[in-house]
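The values are calculated or read from the model by the stated rules, or taken from the named source; none is laboratory data. Since the model is a prediction, treat every value here as computed from it, not as a measurement. Using ideal geometry, Cβ is built from the backbone for each residue, glycine included, and neighbour counts are taken over all protein chains shown.
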Amino acid sequence: MIANLNQNKRIELEVKKLGIFELRGLAREVGVPSPTTKKRDELIDGILERIYRGELDDVVVTKKGRPYKKLAVVDNILSNMTMQENFASQAKPVSYDEILAFAQVMPVMGKATNEEGMFSGIARKSANNDFYMFYDFSSSNAIFLPIELKFAQLIQNGDEIECKAKKVNSNQFFASQITKINGIEVSIYSPKKAVLGEPIISNQTIDFDNKKIFVGRRNLLFVEENFYENSTFDRLEEQAIKNGYKIVYLSLNSSIEDDIKLKHAKGYIFSSKFDDACTKSLNKALDCINLCENLLERGQKVFLIVPDIMNIIRVLDYCFVDENKMYNHSSQSIIIAQKILSLGKAFSSGANITALFGCATFDKDDAFITEQLIKICKIV
């Protein structure tokens, strides 16, 4: 009896340490209904109630519906709950595709209201390709597009979507009409993929402050000033526009000053504020990656600017809790960081993504910087 109480107390402490992202995943795994609509305390209470009532075995063993991708922490806690050892080992981190699927929210099949609005964002396919969704650029609303919706079959992962949608609950809307895809009226839109040619290691450079930016490569810039007071990034933006690039910014956990500067930046902006939930930061990073890959596949030249790459990793560390560390960071954070790093590439057809990463001088001793980033970047 004492052993059971101690185990329950240990599990309770582990559950309460989780962020909202992991709590939703764990709640869905143990059978708590509608986890995406519940607040943090409601999720914790629902999970612990399932534990204490002993209603876990049937839920964990038998799953129905869309295959669900689990983070290592979910497996670990469920193993403690059921005393089973048949879950995936934490020795092998999840893949980027699994993280992408894990971050998806499920639509609530509620009744549409009369409240309607126009929304836009970067499209994301569901794991089973049974619906499409995006997070609205100007709000935290999730917009769902049924697969049977007219013109929905034209949507590709990473497309920029504009649509009309009706509210079904506090932060979810169902699209009633798609108006534009990638800025083109949907009635005349035709998805086309560019012929990228052979992948190459480009030696083409852009002159910058008596230095060189290597086109289609990953470039690293050590900076001492904060983003909002550093004119270097303004000049980088000018160079990118001058050379005909689409500009994409990724900046998570931005200060108030950084956020003001980003609002005046040109191009696509993926940012989260310092007081946003970590799930918003995670989804901003995923949507940024999807958009960059989509632009490249459409034959665009892309300039990706990440003012502080180490801050991206630190923010994502808060979203993932695992024992499988890489470079003293969460393994899942590093997987996303490596995916971002892999975007810098060039093709013989001229399409390329030039990625420039800012890094604070005091981060030079971080293991990820010394063992990964510096090795594959050309330092500006």
Here the residues within the range 306-330 that are over 15 Å from the mean Cα position of the chain (by Cα) and surrounded by fewer than 22 Cβ atoms within 10 Å (Cβ to Cβ) are M310, V321, D322, E323, N324, K325, M326, Y327, N328, H329
Output the number of the condition that L78 fails; it satisfies all remaining conditions of (1) part of a helix (DSSP H, G or I); (2) at pLDDT 60 or above.
(2)
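Just the residues that are among the charged types (D, E, K, R), out of contact with any Gly (no Cβ under 6 Å at 6 or more places or on another chain) and touching a residue at least 24 places away in the same chain (Cβ under 8 Å), please, taken from the range 307-344. Full working, then the answer.
If we filter the range 307-344 for residues that are among the charged types (D, E, K, R), which is where we start, we get 308, 314, 317, 322-323, 325, 339.
Right, trim to out of contact with any Gly (no Cβ under 6 Å at 6 or more places or on another chain) and you get 314, 317, 322-323, 325, 339.
R314, D322, E323, K339, listed by residue number.
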Right, F208: over 26 Å from K273 (Cβ atoms) and either in contact with a helix residue (DSSP H, G or I) (Cβ under 8 Å, 6 or more places away or on another chain) or not aromatic (F, W, Y) (or both) or not?
yes
What number of residues within the range 168-182 satisfy the criterion of being exposed (fewer than 13 other Cβ atoms within 10 Å of the Cβ) and at pLDDT 95 or above?
0
Looking at (1) hydrophobic (A, V, I, L, M, F, W, C); (2) crowded, with 21+ Cβ neighbours inside 10 Å; (3) closer than 23 Å to Q300 by Cα, which is the only condition C359 fails?
(3)
Residue satisfying all of: in the range 339-357; farther than 11 Å from L304 by Cα and assigned to a strand (DSSP E or B); nearest to the chain's Cα centre (by Cα) among these
K345
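Filter the range 242-279 down to the residues that are in contact (Cβ under 8 Å) with a residue 40 or more places away in the chain, of a type outside the set (S, T, N, Q) and surrounded by fewer than 17 Cβ atoms within 10 Å (Cβ to Cβ) and list them by number.
Result: G244, A277.
Residue-wise test of (1) farther than 30 Å from D130 by Cα; (2) under 23 Å from the mean Cα position of the chain (by Cα); (3) buried (at least 18 other Cβ atoms within 10 Å of the Cβ); (4) modelled with pLDDT under 90.
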residue: K166; (1), (2), (3), (4): no, no, no, no
residue: I184; (1), (2), (3), (4): no, no, no, no
residue: Y189; (1), (2), (3), (4): no, no, no, no
residue: E198; (1), (2), (3), (4): yes, no, no, no
residue: K212; (1), (2), (3), (4): yes, no, no, yes
residue: G216; (1), (2), (3), (4): yes, yes, yes, no
residue: T232; (1), (2), (3), (4): yes, no, no, no
residue: R235; (1), (2), (3), (4): yes, no, no, no
residue: A240; (1), (2), (3), (4): yes, no, yes, no
